Amino acid sequence: MEIKVLTDSFYQVNTDALVVAIYEDEAYQEGLGKELDEATGGIISSLFERKEFRGKANETAYIHLVPSLKARRLLLVGVGKQAKVTSLQLRQAAGTVARFLRTKKVKTLAFLLRDGVAIEQAGQALAEGALLSTFDPDTYKTRERDRSQIEEFSILSTTQNQADLEKGIAVGKILGDSTNFARNLVNEPSSNLTPKDMASKAEEIAKEANLTIELLDEEKMKELGMGSLLGVSRGSAEEARLIVLRYEHPEAKAEETIALVGKGITFDSGGISIKPSEGMEKMKGDMAGAAAVMGAMRAIGQLKPKARVVGVMACAENMPSGTAIKPGDVLTSMSGQTIEVVNTDAEGRLVLVDAITYTREKLAATKIIDLATLTGAVGVALGPVYTAILGTCQELIDQVIATGNEVGERYWQLPLDEEYGEQLRSDIADLKNSGGRPAGTITGAYFIKEFTGDTPWVHLDIASTATSNEKKPYLSKGATGVGVRTLVAWVMSQN
Ligand code: BES
Ligand code: MN
Ligand code: ZN
């Protein structure tokens, strides 16, 4: 899909479908709604009067023949109340219309830009919406893929600030593509995306986005004493990989290194503490944290903020076998702390802590954000709406929450009081890897906290937001790519 700017007036634009965003409270009485109503011989007013269309968010009305327009079709899309329209509504509207028009075999559309949202943000939102919405998890479909694709998504704008608009579109494309890249990884079956395959993907991204890459194999990890990560991998026929992507701007502050750390379990069977078979197929997506980090690093490499960022992905497969770790085993982590593995299904924290120690000791990280599909409990607490956020630095937590609000990803903070640590006390080692059912998301985070020392750290539990069981008018089912846009926007804000 090509995303571009057109400067024609709305009645002259030559396109398959002219798209106009309509405010719920403006309707046809004023502004562009009125102009369009007059130009179309009262189409908008009659739709409103017959209550066929009210301008509610993501509502559509498809009109076939409007003699006064050069466009072959007119599509109205609701964006809700005018005062509440932000780039979030624009992104959804762009997504809704792209998904809708695709089913009508439309090849070209022109989305009329209205004022309200700053032009650069508007361009970015529309580009993101267009790209995110037309992504579908259909790589393996051989029969239903003849659905047509939108070839040209034009933004119709007569503003003076074309350069700002183009800039916004360029950023939106990078973010949309990088998020879709992460979504593809999450949807990919585990047999086609092993830790080694994750490493190959990272190599491709390093080339594409001008990043440097380091791959640590199991031998190297052994040398470093990563007994916790290697313990998880031990039962699998697939070798683990610790992937490090580095980005550095020549003018980056010398003393600051941001580390983005992702859980990359390419399949989580639970290990010897095996999961029930019902729903186990979803565990191919247990590398969504690592995928988000890879997607974010791709975007960061292309957007070039004045920063130094390392993306660390802890990739392994969690399998039961004769060589697997067993409940009761004790692992020695790279930090030196010992861990009693009381549940081999609490493996995400085991791979993350060695990755985190590596970022602190070998990469001199000064701020750490980790992302992980860590606990089923987060779905019980927050459902598919909010990602849980926890950490040791309130300022950093607040920044991530605020960034999330700007980009349309929601985070809800959970507490991390010391008392929760009591659930992780082991009789024979420094820590045990599971605190049982109560406060599962908090104790999972607490375990990780024990390895972050004095480095400001934030943890995002994306287990219930990384995939969606429901399709939306503007988004397909499956992987969401959650985290990518928050991480990139936050890094950009650090400059
Ligand atoms: N990968 C799972 C968490 C998960 C569950 C992600 C559902 C996505 C959907 C994680 O490794 C896990 O198994 N966690 C355990 C922890 C427990 C044993 C302390 C859980 O949540 O049950
Ligand atoms: Mn698990
Ligand atoms: Zn897992």
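Couple of notes before you dig in:
- The residue list Lys207, Lys253 contains one member that is of a type in the set (Lys, Arg), part of a loop (DSSP other than H, G, I, E, B) and not assigned by TED's automatic domain parsing to the domain that holds Ala98, which is Lys253.
- Count - residues of segment 254-271 that are buried (at least 20 other Cβ atoms within 10 Å of the Cβ) and within 12 Å of ligand 2 (Cβ to nearest atom): 6
- Counted residues, segment 300-359 - those being touching a Phe, Trp or Tyr at 6+ places or on another chain (Cβ under 7 Å), β-branched (Val, Ile, Thr) and away from ligand 3 (no atom under 16 Å from the Cβ): 5
- Within the set Thr7, Thr15, Thr96, the sole residue that is more than 23 Å from Thr158 (Cα to Cα) and assigned by TED's automatic domain parsing to the domain that holds Arg145 turns out to be Thr96.
- Leu331 falls short on exactly one of the conditions (1) within 11 Å of ligand 1 (Cβ to nearest atom); (2) touching a Gly at 6+ places or on another chain (Cβ under 7 Å); (3) among the hydrophobic types (A, V, I, L, M, F, W, C), and that condition is (1).
- One residue from Gly404, Gly379 being small (Gly, Ala, Ser), surrounded by 18 or more Cβ atoms within 10 Å (Cβ to Cβ), not assigned by TED's automatic domain parsing to the domain that holds Ala122 and not in a loop (DSSP other than H, G, I, E, B): Gly404
- Qualifying residue in segment 348-357 (condition: part of a loop (DSSP other than H, G, I, E, B) and either away from ligand 1 (no atom under 16 Å from the Cβ) or buried (at least 24 other Cβ atoms within 10 Å of the Cβ) (or both)): no
- The single condition from (1) outside any strand (DSSP E or B); (2) among the hydroxyl-bearing types (Ser, Thr, Tyr); (3) more than 16 Å from ligand 1 (Cβ to nearest atom) that Tyr247 fails is (1).
- Scoring Ala292 on the criteria (1) of a type outside the set (Asp, Glu); (2) part of a helix (DSSP H, G or I); (3) touching a Lys or Arg at 6+ places or on another chain (Cβ under 9 Å); (4) within 16 Å of ligand 3 (Cβ to nearest atom) leaves a single failure, condition (3).
The values are calculated or read from the model by the stated rules, or taken from the named source; none is laboratory data. Everything quoted here is computed from the prediction, not taken from an experiment. In this analysis, Cβ positions are derived from the backbone assuming ideal geometry, glycine residues included, and neighbour counts consider all displayed protein chains.
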